[in-house]
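The structure under discussion appears below in the form of structure tokens.
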Amino acid sequence: MDSPTSDDVATVNGMPMLGLGTWQNEDEEECAESVRAALETGYRHIDTAQAYGNEESVGEGIERAGVDREDVFLATKVWIENLEPEDVVESTEESLEKLGVDYVDLLYIHWPAGEYDPEDTFDALSTLVADGLVENVGVSNFEPEQLDDAREASDIDIFANQVECHPLLPQESLRAYADEHDIPLVAYSPLARGEVFDVPELEEIAEKHDASAAQVSLAWLREKGIAAIPKATGEEHIRDNWESLALELDAEDVEVIDGIDTQERQVDPDFAPW
């Protein structure tokens, strides 16, 4: 079977449903090379954040790959200490400078915490959109209650909600909210920080399809209409995640994964809203 290409990646509102996450990818050279390798493999969705401390390296990787800027869906996130209006604008301008770009395709509120105020923060985000520095605004780690408040406060559409999601944390209530209010989910830690490799059901399905448990998890998310941004640094893992696009789960596979009865959260800071 031919390797998937960029054209094989489904999109949600123009956002490729498989991207490269860069959380904890802090070594400058390794980060830049992982972004370059991903883009040259075919990825067109790159995700970073102010808090990751690697925006400059991500920008360097994009430059090395030589892919046209307009072909890359680039997302970053405003940290909780930068959510007052002036700080939103100033820190986003700094992010653009570090990334070496004129705009980002998606700017997330990283958490509903710290200096976050729905009306004030979204007013500042609206200004960034009006000024052409940000194409779309999203949120991250928002629960339904925070999403309701954000929708009421914002005069622009909320593009996506990035949350931890994987077969061990299926996020049923947020998936239902996404379907009802057209706020797609983007899954970070879609491999549960490697925990998916120890799940017998996933291993059995992987063996059945001559695939990896990682590929099975990513294919399951795709079946649910959820975009995924798995972190990977080495080219082997970048390629393995990419090949998940060629995996089609059958109805029995999906039913087995849906039946995994667990709620195993990997990311749980004290300021989380749950």
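FYI, it's all coordinate maths here, none of it is from the lab. Note that the coordinates shown come from a computational prediction; the quantities given were computed from them, not determined experimentally. So basically every Cβ, Gly included, is an ideal-geometry build from the backbone, and we count neighbours across all protein chains shown.
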**Fill in**
When the charge dipole of the chain is computed with +1 on Lys and Arg Cβ and -1 on Asp and Glu Cβ about the Cα centre, the Cα farthest towards its positive end, among Cys165, Ser57, Leu18, belongs to Leu18
**Message:** What do you get for GluC sites (Glu not before Pro) in region 114-222 restricted to DSSP loop and a cutoff of at most 14 other Cβ within 10 Å of the site's Cβ?
**Reply:** none
**Request:** Could you grab the relative contact order for region 203-274? Cα pairs under 8 Å, six or more apart, rounded to a whole percent.
**Result:** 31 percent
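With the contact rule set at Cα under 8 Å and sequence spacing of 6 or more, what percent relative contact order holds for the chain?
About 19 percent, as a whole number.
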**Asked** Counting Lys and Arg as +1 and Asp and Glu as -1, what is the net charge of the other residues whose Cβ lies under 13 Å from the Cβ of Ala178?
**Response** -2
**Item:** Qualifying GluC sites (Glu not before Pro) in region 1-78, DSSP loop, other Cβ atoms within 10 Å at most 12
**Value:** Glu26
**Fill in**
With +1 at each Lys and Arg Cβ and -1 at each Asp and Glu Cβ, the charge dipole magnitude of region 16-133 around its Cα centre, to the nearest 20 debye, comes out at 620 debye
**Message:** Restricting to DSSP H runs of at least four residues, report the calculated mean residue ellipticity at 222 nm for the chain, -39500 (n - 2.57) per run over all residues, nearest 500 deg cm²/dmol.
**Reply:** -12000 deg cm²/dmol
**Asked** Normalised by the residues of region 23-125, what does the relative contact order come to in percent, with Cα pairs under 8 Å and at least six apart?
**Response** 28 percent
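So if I place +1 on the C-beta of Lys and Arg and -1 on the C-beta of Asp and Glu, and nothing else carries charge, what would the dipole magnitude of region 147-274 be about its Cα centre? I want it in debye, nearest 20.
Once rounded to the nearest 20, the dipole reads 420 debye.
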